[in-house]
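Below is one structure; the comments refer to it alone.
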Amino acid sequence: MMNDTKKDLKNRINHIEDVLASVAAGDMEARINSEIEDDLSGIEAAIDLLIEDLTDELKKREVMQREVEDKLAKIQEQQKTILQQQQDLLELSSPVSKVWDNVLILPVIGTLDSQRTQVMMENLLEKIVETGCTVAILDITGVPTVDTQVANHLLKTVTSARLLGAECIISGISPAIAQTIVHLGIDLSSIRTKATLQDAMIFAMKQNKRSEDSRPHSRFADADEKNE
Amino acid sequence: MFEQTTDKNWSLLDKQVLETEYDIVRIRQLIRSHAKGIQMGIVDQTRITTAVSELLRNMYNYANGGEVQIETGPVEGKMALIITCSDHGPGIENLEMAMSDGYTTGMGLGYGLPGAKRLVDKFEIETQKDKGTTVRLIKWR
Ligand SMILES: Nc1ncnc2c1ncn2[C@@H]1O[C@H](COP(=O)(O)OP(=O)(O)OP(=O)(O)O)[C@@H](O)[C@H]1O
Ligand SMILES: [Mg+2]
């Protein structure tokens, strides 16, 4: 009799161990489900409850994790869109157009970071080749800060354009920016500049007319009277 | 650091971290608005913003980013805007050369540092090999 009870007890403890092992291995369905009522059944019931709680927690965590992953995916999607839009904006913000026979105009707007300047420069040079225009106006009225890097980019653009046979005029340098450029020490004297876009356009038209009158001479026959 | 021009009476207006190229634009806009905020004229706003732009670009190009502190307060008895840019980059190898017009180790014009100095009222720089560089710009209002 005593032996039987002992054997029962041993079986029940083994069962508890099995269930715990199953749970530890990830089987959240395992339960002790004891039907006997005695001193041990309290512990058995408590273990079952614990497993129940643990299962709930795990489920909640899974749901949360899925939510986080969903959100992350959405954010990544949005980031892609933003990048795409930035790319589009890059193209849009450097619209080179032919405003007059032989004259290209490029309004530069906003802040010139190195990427944008690159796009701007490429667009302009392509357009010069495509149209054969020999005058290009770069209007920087919309550029709030001209530092050495922007100036360097402008110089490079003007030099490249010149190699392709087009002369650049930079317009829209505000008095404050003009003073700042002088203090920075940058020499822009190799570039033809005009205070306003209007001045630049009038100049370009005169230039055009003059070169029409004096064909087949260079359209920039008076290139030596730069920076008056 | 910068013993003579550090004053406990300065008030901190802003502190910013520079990591991306976009931060250069963002911080520059902040500088301009703070300069405007203490009633600087348009020419001085443009000067201090451009000077800071040079330092930001240098931190971005040569030091992998850095930190900017914007303060206002008295310097030698006059109200000023004080901008301190610090980085933990490689330091400037030859400071004397770097401060002279046309010196660049990259592809720049080499006018950033000397140009920035000419654009402000006081310019202080401290650099240490492998420790980093700190530049302080002071512009009186
Ligand atoms: N924060 C810095 N950390 C390390 N080196 C720097 C830092 N700032 C400047 N330098 C060094 O000093 C040199 C001169 O800087 P400066 O800003 O005058 O010219 P640049 O950046 O080369 O060209 P620019 O500013 O005209 O585009 C740089 O080429 C670089 O080697
Ligand atoms: Mg520089």
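Normalised by the number of residues in chain A, what is the relative contact order in percent for Cα pairs under 8 Å and 6+ residues apart?
The value is 12 percent.
Angle check, please: helix B:21-37 long axis (alpha carbons) against the longest principal axis of chain B (alpha carbons), in degrees 0 to 90, nearest 10.
30 degrees
How many nm is it between the label spots at A:D18 and A:D4, if each spot is 7 Å from the Cα in line with the beta carbon?
So the label points at A:D18 and A:D4 sit 2.1 nm apart.
I need the Debye-formula profile for chain A: one equal scatterer per C-alpha, no solvent, reported as log10 I(q)/I(0) at q = 0.15 1/Å, two decimals.
Reported log10 I(q)/I(0), two decimals: -0.98.
Determine, for A:S211, A:S41, the number of other Cβ atoms within 10 Å of each Cβ, and report the residues in order from fewest to most.
Going from sparsest to densest Cβ surroundings: A:S41, A:S211.
How large is the helix-only mean residue ellipticity at 222 nm for chain A, computed as the sum of -39500 (n - 2.57) over DSSP H runs with n ≥ 4, divided by its residue count, in deg cm²/dmol to the nearest 500?
It lands at -21000 deg cm²/dmol.
Please state the relative contact order of region A:2-89 as a whole percent: Cα pairs under 8 Å, 6+ residues apart?
With pairs under 8 Å counted, the relative contact order is 16 percent.
Going by how many other beta carbons lie within 10 Å of each one, how would you line up B:F2, A:F203, fewest first?
B:F2, A:F203
Put +1 on the Cβ of every Lys and Arg and -1 on every Asp and Glu Cβ in chain B; which of B:Q128, B:L113, B:M79 then has its Cα farthest towards the positive end of the dipole?
So the residue furthest toward the plus end is B:M79.
Among A:T81, A:T55, A:T180, determine the one that fluctuates most according to a GNM of chain A built with springs between C-alpha atoms less than 10 Å apart.
Greatest mean-square fluctuation among the candidates belongs to A:T55.
Treat every Asp and Glu Cβ in chain B as -1 and every Lys and Arg Cβ as +1, leave all other atoms uncharged, and give the resulting dipole magnitude about the Cα centre to the nearest 20 debye.
Result for chain B is approximately 520 debye, rounded to the nearest 20.
In whole Hz and in residue order, list the ³J(HN,Hα) couplings for region A:142-158 that follow from phi through the Karplus curve 6.51 cos²θ - 1.76 cosθ + 1.60, θ = phi - 60°; x for Gly and Pro.
Calculated HN-Hα couplings, in order: x, 9, x, 10, 10, 9, 4, 5, 4, 4, 4, 4, 4, 4, 5, 4, 4 Hz.
Let me have the relative contact order for chain B, percent, based on Cα pairs under 8 Å that are six or more residues apart.
Normalised by residue count, the contact order of chain B is 25 percent.
Express in whole angstrom the spacing between the alpha-carbon centres of region B:69-84 and region B:15-68.
That distance is 15 Å.
Counting other beta carbons within 10 Å of each residue's own, what order do B:Y22, B:Y60, B:Y111 fall into, fewest first?
B:Y22, B:Y60, B:Y111
Calculate the tail of P(r) for region A:2-89: the fraction of all Cα-Cα distances greater than 22 Å, expressed in %.
So the portion of pairs separated by more than 22 Å is 53 percent.
Check A:A136: other-chain or 5+ apart residues with amide H under 5 Å from its amide H, H built from backbone geometry?
A:L104, A:E167, A:C168, A:I169
For region B:95-141 and region A:154-192, what is the separation of their Cα centres, given in Å?
Each part reduced to its Cα centre gives a spacing of 23 Å.
Report, to the nearest 10°, how far helix B:42-62 tilts away from the longest principal axis of the Cα atoms in chain B, using its own Cα long axis and a range of 0 to 90°.
With both axes taken from Cα atoms, the answer is about 30 degrees.
Distance cut-off 18 Å, Cα to Cα: go down the list A:K98/A:K156; B:K78/B:K139; A:K127/A:K156; A:K98/A:K127 and report the pairs above it.
Violating the 18 Å Cα-Cα cut-off are A:K98/A:K156.
Against the longest principal axis of chain A, how steep is helix A:197-213, in degrees 0 to 90 to the nearest 10, with axes from Cα atoms?
50 degrees
Per residue of chain B, what 222 nm ellipticity follows from adding -39500 (n - 2.57) for every DSSP H run with n ≥ 4, rounded to the nearest 500?
The helix contribution divided over chain B gives -11000 deg cm²/dmol.
Size of the dipole of region A:2-89 about the Cα centre, Lys and Arg at +1 and Asp and Glu at -1 on the beta carbon, nothing else charged, in debye to 20?
Using Cβ point charges on Lys, Arg, Asp and Glu, region A:2-89 gives about 500 debye.
Here, each number is a calculation from the coordinates, and none is a lab measurement. Bear in mind that the values here come from a model prediction, so they are computed numbers and not experimental data. Positions of Cβ are backbone-derived with ideal geometry, glycine not excepted, and every protein chain shown enters the neighbour counts.
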